[in-house]
Amino acid sequence: MLELKNIHWKTPENEEIVKGIDLSIPEGKLTVITGPNGGGKTSLAKLIAGLYTPSTGQILYNKEDITALSITERAGKGIAYAFQQPVRFKGLTVRDLLELSAEDTLSEDKLCAMLSTVGLCAQEYIDRNVDGSLSGGESKRIEIATVLNRKNAKLLVFDEPEAGIDLWSFSNLIKAFEDLKKQGGRTIVIISHQERIMEIADHIAVIAEGKVQTFGPGSEVLPSLLCKDKKCACPMNSIKKEGC
Amino acid sequence: MNSVTKELLSSISDFKEGFKGAYNIREDSGCAGRQSSEYIKIEPKHDKPGIVIRISAKAQQETVYIPACVTHSGVSDLVYNDFIVEDGADVIIVAGCGVHSDGEEEARHNGIHRFMIGKNAKVVYKEKHIGTGKGTGARNIDPVTEIAMGENSYMEMDTMQISGVTSTNRTTTAALAAGAKLVIRERLLTDGEEYAKSDFKVSLYGEDSGVDLVSRSVAKGNSHQDYHSVIIGSCRCTGHSECDAILVGNGVVNAAPELHAENLDASLIHEAAIGKIAGEQIIKLCTLGLTEEEAEQKIIEGFLK
Ligand SMILES: Nc1ncnc2c1ncn2[C@@H]1O[C@H](COP(=O)(O)OP(=O)(O)OP(=O)(O)O)[C@@H](O)[C@H]1O
Ligand SMILES: [Mg+2]
């Protein structure tokens, strides 16, 4: 469904961050990308959604070369991206964003259903501005909702959806991802540091230092990431470095 | 009333076939309709062009419409309207002005609105300005608003200029007695070679009076805006002024908020932020399928909403 072929990316200051990524994201599956901070996961997600353009390499989406396509064109083809750090606006409400995402006007009931999936009580949020008045967790959940409900989304990329979300909502969120998977027809990529999210992954990729260190079925990769005492998932294990 | 007036009226107010209740429609310096209601009396002035609107204490949540239209080039309209709001009245005033130019000469409306607001009265004042027409003549609106607020009165001024006004010079002054609260929301959009100047001067002379002034503006094309606000606090009072502007293209905005605290207990704040639309806002909307132009449009619409 999505094939990344020898992708390199440099910052405007010419520092190479993504250093030759080859990765094939399987259709209709849930792939988790994990790895240490600063390893290049978000950069890769932005390369997929078109926010960054690779310096070399090729991105194939359903066999079509989309490397040169704009963000808008990729969105039109069904690629959706939930930002690690949600964007804040001056004057756009939760309803505005969800309607733009769904490309439709939405009834209160529909909005309610969308917001409750991410653990928000709709009545209180529909007309709130998506600005600095929302808490970190609130804006993160709204960001996730814009992607879960994106019209005709076929490839959904979530960048650390767990960040800043309380435990109760986190369980709901896992359920939302599982439901999404069950519905079928969509390919899901979740960038995450959370063992519980890795547990529902069909495949796991570990990215560190701008490269894919490991890629394989979740059932095989996850155990290798776990510390001996199984208390944490440590991407460092798979890149054979000290520390956990 | 001519067809241009009808069109302008529907842009600046909720005019359908007519207005309910009290109204006065000014068209090209003349009167195209006037009606008083039981509690809102509208009378012409005899010494100058304009009307006196007397709002009785018995008016409660009543609406009065005072729109003005200039429907062709070569009209320079000047009007003095006085609003006398009795103690305890509660009124919604829908003013607003449309200027239409169809030739080379200027079409101009200068409205001088004075408000005498009684104790405990509540006024919501809505003012929308628009310029239309294909004429090359300038479409100019220079409104002057003078507000005297009695003790514990409340006024909300919602003023908006959407498009098409070549040049505007907006002057608002207010003096607040004890406990009076003034809320001003200004929204301005200029494009092309347009120019807008907004000047506010609010004097908080009564104990516990307060003003909250928020101006949001967008300067597109080669347009130019000047924002100047002065809040003077000479007693225990609160004042807040905020100027938030978005630049698009070669738009220019100068913001100069001034605060004069003349008393230890005057608490005055100002904020001003001017800049282009944050790139990440456009990018987020592009990931939802909008083009950059559509995204910019949406963000501006939301900002001025
Ligand atoms: N636009 C940019 N300009 C400069 N440096 C950048 C830019 N984008 C990313 N980087 C740098 O590239 C490196 C990888 O960043 P990236 O955000 O991809 O990491 P990550 O794997 O998502 O990390 P985390 O787990 O902390 O989210 C970091 O050192 C970051 O500072
Ligand atoms: Mg990241």
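All conditions but one from (1) within 16 Å of ligand 2 (Cβ to nearest atom); (2) over 28 Å from A:GLY137 (Cα atoms); (3) of a type in the set (S, T, N, Q) apply to A:SER55; the one that does not is (1). Within the range A:203-227, residues that are surrounded by fewer than 20 Cβ atoms within 10 Å (Cβ to Cβ) reach partners that are in a helix (DSSP H, G or I) and among the β-branched types (Val, Ile, Thr) with beta carbons closer than 6 Å, at six or more positions or on different chains, in the pairs A:THR214/A:VAL221. The conditions of being in contact with a His (Cβ under 8 Å, 6 or more places away or on another chain) and assigned to a strand (DSSP E or B) are not met by B:VAL4. Every listed requirement among (1) away from ligand 2 (no atom under 16 Å from the Cβ); (2) touching a residue at least 12 places away in the same chain (Cβ under 8 Å); (3) closer than 30 Å to A:LEU134 by Cα is met by A:GLY76 save one, (2). B:GLY103 satisfies every condition listed in (1) more than 16 Å from B:TYR195 (Cα to Cα); (2) touching a strand residue (DSSP E or B) at 6+ places or on another chain (Cβ under 9 Å); (3) surrounded by fewer than 20 Cβ atoms within 10 Å (Cβ to Cβ) except (2).
The set of residues in the range A:63-78 being more than 10 Å from chain B (Cβ to nearest Cβ) and not in a loop (DSSP other than H, G, I, E, B) consists of A:GLU64, A:ASP65. A:TYR81 - would you say it is hydroxyl-bearing (Ser, Thr, Tyr), in a loop (DSSP other than H, G, I, E, B) and either within 16 Å of ligand 2 (Cβ to nearest atom) or free of Cβ contacts under 8 Å to residues at least 40 places away in the same chain (or both)? Considered against the rule, which asks whether it is hydroxyl-bearing (Ser, Thr, Tyr), in a loop (DSSP other than H, G, I, E, B) and either within 16 Å of ligand 2 (Cβ to nearest atom) or free of Cβ contacts under 8 Å to residues at least 40 places away in the same chain (or both), A:TYR81 comes out as no. The number of residues in the range B:219-244 that are of a type outside the set (S, T, N, Q), in contact with a Leu (Cβ under 8 Å, 6 or more places away or on another chain), surrounded by 24 or more Cβ atoms within 10 Å (Cβ to Cβ) and under 22 Å from B:LEU304 (Cα atoms) comes to 1. A residue that is away from chain A (no Cβ under 14 Å), within 19 Å of the chain's Cα centre (by Cα) and within 27 Å of A:ARG128 (Cβ to Cβ) cannot be found anywhere in the range B:290-305. Can you confirm whether the range B:88-99 contains a residue that is on the phi > 0 side of the Ramachandran plot and under 16 Å from the mean Cα position of the chain (by Cα)? Yes; the residues of the range B:88-99 include at least one that is on the phi > 0 side of the Ramachandran plot and under 16 Å from the mean Cα position of the chain (by Cα).
Of all the listed residues (A:VAL87, A:VAL94), the sole one being within 9 Å of chain B (Cβ to nearest Cβ), within 24 Å of A:ILE188 (Cα to Cα) and at pLDDT 95 or above is A:VAL87. Screening A:LEU134 on (1) assigned to a helix (DSSP H, G or I); (2) more than 16 Å from ligand 1 (Cβ to nearest atom) shows it passes everything except condition (1). Scanning the range A:41-58 for residues that are under 13 Å from A:ILE71 (Cα atoms) and either of a type in the set (A, V, I, L, M) or away from ligand 1 (no atom under 13 Å from the Cβ) (or both) yields A:ALA45, A:LEU47, A:ILE48, A:ALA49, A:GLY50, A:LEU51. Considering only residues in the range A:172-214 that are β-branched (Val, Ile, Thr) and part of a helix (DSSP H, G or I), the one that is farthest from ligand 1 (Cβ to nearest atom) turns out to be A:ILE174. Looking only at residues of the range A:117-152 that are closer than 30 Å to A:PRO26 by Cβ and facing chain B (nearest Cβ under 10 Å), we find that the one that is surrounded by the fewest Cβ atoms within 10 Å (Cβ to Cβ) is A:ASN152.
Could you please let me know if A:SER192 is under 22 Å from A:LEU226 (Cβ atoms), of a type in the set (S, T, N, Q) and in contact with a Ser or Thr (Cβ under 8 Å, 6 or more places away or on another chain)? Against the criterion (under 22 Å from A:LEU226 (Cβ atoms), of a type in the set (S, T, N, Q) and in contact with a Ser or Thr (Cβ under 8 Å, 6 or more places away or on another chain)), A:SER192 qualifies. Scan the range B:245-266 and give yes if some residue there is surrounded by fewer than 18 Cβ atoms within 10 Å (Cβ to Cβ), within 14 Å of another protein chain (Cβ to nearest Cβ) and free of Cβ contacts under 8 Å to residues at least 60 places away in the same chain, otherwise no. No.
Here is a yes/no grid of residues against (1) in contact with a Phe, Trp or Tyr (Cβ under 9 Å, 6 or more places away or on another chain); (2) part of a loop (DSSP other than H, G, I, E, B):
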site	(1), (2)
A:ILE7	no, no
A:ILE33	no, no
A:PRO36	no, yes
A:GLY39	no, yes
A:GLY57	yes, no
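For the residues A:SER169, A:SER219, the requirement of being more than 30 Å from A:THR93 (Cβ to Cβ), in a helix (DSSP H, G or I) and either within 14 Å of another protein chain (Cβ to nearest Cβ) or among the small types (Gly, Ala, Ser) (or both) singles out A:SER219.
The set of residues from the range B:276-289 being closer than 23 Å to A:LYS154 by Cα and touching a Leu at 6+ places or on another chain (Cβ under 7 Å) comprises B:ILE283, B:LEU285, B:LEU288. Applying the criterion of being in contact (Cβ under 8 Å) with a residue 60 or more places away in the chain and among the basic types (Lys, Arg) to the residues of the range A:16-62, the residue that is farthest from the other protein chains (Cβ to nearest Cβ) is A:LYS19.
The values are calculated or read from the model by the stated rules, or taken from the named source; none is laboratory data. It should be emphasised that the depicted structure is a prediction, and the values quoted were computed from it without experimental measurement. Cβ sites come from the backbone with ideal geometry, for glycine too, and all protein chains shown count toward neighbours.
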